[in-house]
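All remarks here apply to the structure that follows.
The values are calculated or read from the model by the stated rules, or taken from the named source; none is laboratory data. Note that this is a predicted model, so its numbers are computed, not measured. Here the Cβ positions follow ideal geometry from the backbone for every residue, glycine too, while neighbour counts run over all protein chains shown.
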Amino acid sequence: MRILVAVKRVPITGGRIVLTDDGQAIQTRHLGFTISPHEECGVEEAVRIVEAQGGEVVVLTLGPAEAEEQLRECMAIGADRGIHLVSDEEWDAQATAAALVEAIRAEAPFDLIVFGNESADAGNYQVGIRVAYALGLPIVTGLKGLVVSDGRARAEQETASGRDVYEVGLPAIVTVKEGLNLPRYPSVPAKLRANRKPVAAQAVGRPPSRLQKLRLVVPAGRGKQAEILGRGPEAAPAVVEIMRRLGVA
Amino acid sequence: MSVLVLIEPDDELALQAVTLARSLGGPVQGISIGPADAPVDVLHVAQVDGSYAPGAWAAAVVQLVERLAPSAVVAPGSDRGNEVLAHVAARLDLPLAANVTEMRGDEVTRQRWGGSLLEEARLGEGLKLLTAAPHAFEAAAGRAGATESFAPALAEADTAVRVVESVGASTGGISLAEAKVVVSGGRGVGSAEGFAVLEELAGLLGGAVGCSRVVTSAGWRPHADQVGQTGTKVSPELYVACGISGATQHIAGCKGAKKLLAINGDPEATIFAHADYAVIGDLHEILPAISAELRKARAA
């Protein structure tokens with residue numbers, strides 16, 4: 001099995017988002033970075049499949065030079081090597097998909113290509129689907145269950161009433177959601193090994209955006225001051241009174 | 001020029017999408033795959049056999065777009081709405097703005113970070129493709145207009161990916177997404193066993209237990225219990241956040257709650273900035289006291 005997983009470096013925003021002065025980006029000077037939770041599960045799933053069936057896991061990212069950190073994190077989980085399309089700019093979904101398609105074609109064939117259902121930051125819900133159309137591959141999205149065997153994938157989505165099941169022949173593209181598995185914490189030796197795994201980096205130039213970001217805006221808060229019902233267990237009667245008023249007690 | 005909106009039967013989010021479609025001006029036409037009921041001027045019912053197949057739905061939308069030449073296509077910001085419109089965007093090689101909260105001319109405001117951040121962006125010339133951010137619009141009301149039926153031409157590839165089996169949920173109890181009260185715990189709960197006091201209160205209130213991402217990552221609770229940007233989005237009458245700091249990832253999942261009660265030992269916790277009611281202190285003392293008070297009130 002050859003599996004490619006696409007990941008994206010995103011800041012760990014914590015409790016409050018602060019923008020840069022020009023309103024074009026999140027102020028990240030004091031923030032750590034990670035990949036989207038959905039993608040963490042995608043990497044874990046790919047590694048588990050290859051651990052069971054043999055093969056190779058390749059991680060692909062489009063992002064700044066610092067995104068190598070995220071490729072190394074994926075390799076600490078068990079990916080074998082990384083491909084890094086280096087650009088400091090923010091790309092729209094169409095341009096992102098086109099760049100990924102070019103990189104995937106250069107490394108093809110893959111049996112399975114894995115995306116997160118949507119990125120944590122931009123949330124465009126479309127890059128994986130655009131890549132599937134460009135490559136002429138079937139795509140199933142939003143998976144919380146995946147079984148790959150005998151050249152086929154059985155894929156499950158969670159719905160309001162249960163689960164929807166799809167079956168597709170490989171090669172195929174899937175997009176996954178957090179909850180597909182519980183990703184492992186990489187061990188220290190695994191992190192050290194990851195530093196020696198190969199990353200192929202290549203600078204890429206951004207084409208014009210067709211969904212053109214003008215500015216970012218932090219939404220106005222609820223503008224409310226919380227009513228303090230009390231400190232410690234003595235607050236219980238006041239809490240029950242509120243519950244009764246809300247009609248839930 | 002008209003606006004075309006994708007309708008799913010019995011879907012509140014589709015009615016919200018109709019409201020966004022109406023805000024764009026012009027007649028609103030609907031497309032549904034199979035019968036549906038929606039307050040649109042004309043509903044085009046596509047005759048597509050069998051279970052859900054995103055490619056077939058997208059093919060139907062694209063063929064109707066070619067016939068009606070609308071100014072925009074709007075879909076609900078649901079899993080299927082976002083999926084089908086992304087297929088349409090890929091087929092037509094057009095940009096797609098997902099989870100839009102407002103549109104003015106060529107400019108859209110859309111949600112990033114599960115709604116914790118907004119992006120103002122410009123869509124180019126020509127057909128606009130948008131999905132409506134969930135709960136950013138009132139549901140459209142009114143009478144259904146005329147209904148027309150059409151049979152889209154489908155290629156084999158359009159139905160290659162389709163639902164082959166639907167499995168009902170096996171879990172009992174009240175679902176997190178529909179519970180009227182959610183009692184939710186974060187890092188401050190301290191352990192899997194620590195959730196017993198949340199279970200007790202949720203049980204008394206006929207509610208559900210939720211948790212933050214820290215909790216599922218630690219393995220204290222299953223992911224199905226996670227409230228957040230990458231978990232379940234809830235909209236109860238009351239959300240009780242216990243030992244939850246208030247990261248944007250979590251707020252994205254619980255901002256739909258009508259009222260939020262935060263219980264936290266740290267008076268500076270971010271969660272209080274999102275709360276209607278606050279209790280400061282140790283949740284392991286406070287929750288049993290609330291449960292005892294509820295029992296006492298009911299016995300009286």
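The figures follow:
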quantity	calculated
The range A:21-49 - residue that is polar (S, T, N, Q) and closer than 24 Å to B:H274 by Cβ and, of those, surrounded by the fewest Cβ atoms within 10 Å (Cβ to Cβ)	A:Q27
Residues that are more than 12 Å from the chain's Cα centre (by Cα), assigned to a loop (DSSP other than H, G, I, E, B) and either surrounded by 18 or more Cβ atoms within 10 Å (Cβ to Cβ) or at pLDDT 95 or above (or both), drawn from the range A:108-137	A:P109, A:F110, A:D111, A:Q126, A:G136, A:L137
Residue satisfying all of: in the range B:259-286; part of a helix (DSSP H, G or I) and over 17 Å from B:E200 (Cβ atoms); farthest from the other protein chains (Cβ to nearest Cβ) among these	B:I271
Failed criterion for A:R105 (all others in (1) in a helix (DSSP H, G or I); (2) under 30 Å from A:G14 (Cβ atoms) hold)	(2)
Sole exception among (1) over 19 Å from A:S87 (Cβ atoms); (2) part of a helix (DSSP H, G or I); (3) more than 10 Å from chain B (Cβ to nearest Cβ) for A:L143, by number	(2)
Breaking point among (1) more than 14 Å from every other protein chain (Cβ to nearest Cβ); (2) in contact with a His (Cβ under 8 Å, 6 or more places away or on another chain), for B:E138	(2)
In the range B:105-135, residue farthest from A:S36 (Cα to Cα) [restricted to those that are within 8 Å of chain A (Cβ to nearest Cβ) and not in a strand (DSSP E or B)]	B:G124
Test: A:Q70 is modelled with pLDDT of 95 or more, buried (at least 21 other Cβ atoms within 10 Å of the Cβ) and within 22 Å of B:T230 (Cβ to Cβ)	yes
Those residues of the range A:199-249 which are among the β-branched types (V, I, T) and either over 30 Å from B:E293 (Cα atoms) or more than 7 Å from chain B (Cβ to nearest Cβ) (or both), in sequence order	A:V199, A:V204, A:V217, A:V218
Restricting the range B:238-247 to residues that are in contact with a Gly (Cβ under 7 Å, 6 or more places away or on another chain) and within 7 Å of another protein chain (Cβ to nearest Cβ), the residue that is farthest from B:L201 (Cα to Cα)	B:A247
Residue that is farthest from the other protein chains (Cβ to nearest Cβ) [pool: residues in the range B:141-182 that are touching a Gly at 6+ places or on another chain (Cβ under 7 Å) and without any contact (Cβ under 8 Å) to a residue 40 or more places away in the chain]	B:I174
Complete set of residues in the range A:20-56 that are under 20 Å from A:V127 (Cα atoms) and either small (G, A, S) or more than 16 Å from the chain's Cα centre (by Cα) (or both)	A:S36, A:G42, A:A46
Residue satisfying all of: in the range A:150-186; without any contact (Cβ under 8 Å) to a residue 60 or more places away in the chain and away from chain B (no Cβ under 11 Å); surrounded by the most Cβ atoms within 10 Å (Cβ to Cβ) among these	A:L170
Whichever residue in the range B:41-63 is buried (at least 19 other Cβ atoms within 10 Å of the Cβ) and in a helix (DSSP H, G or I) and, among such residues, is nearest to the chain's Cα centre (by Cα)	B:P54
Which listed residue is within 27 Å of A:I129 (Cβ to Cβ), more than 23 Å from the chain's Cα centre (by Cα) and at pLDDT 95 or above, from A:G151, A:G162	A:G151
Qualifying residue in the range B:65-72 (condition: on the phi > 0 side of the Ramachandran plot and within 10 Å of another protein chain (Cβ to nearest Cβ))	no
Single unsatisfied condition, B:G185 versus (1) in contact with a helix residue (DSSP H, G or I) (Cβ under 7 Å, 6 or more places away or on another chain); (2) within 13 Å of chain A (Cβ to nearest Cβ); (3) farther than 25 Å from B:S71 by Cα; (4) not basic (K, R)	(2)
Residues being buried (at least 17 other Cβ atoms within 10 Å of the Cβ) and at pLDDT below 95 - total across the range B:112-134	5
Some residue of the range B:176-187 being over 30 Å from A:V165 (Cβ atoms), surrounded by fewer than 15 Cβ atoms within 10 Å (Cβ to Cβ) and in contact with a Ser or Thr (Cβ under 7 Å, 6 or more places away or on another chain)	no
Some residue of the range B:80-89 being modelled with pLDDT under 95, in a helix (DSSP H, G or I) and within 16 Å of the chain's Cα centre (by Cα)	no
Within the range A:22-63, tally of residues that are within 30 Å of A:D111 (Cα to Cα) and within 13 Å of another protein chain (Cβ to nearest Cβ)	10
Filter result for A:I242 (more than 30 Å from A:G23 (Cα to Cα) and in a strand (DSSP E or B))	no
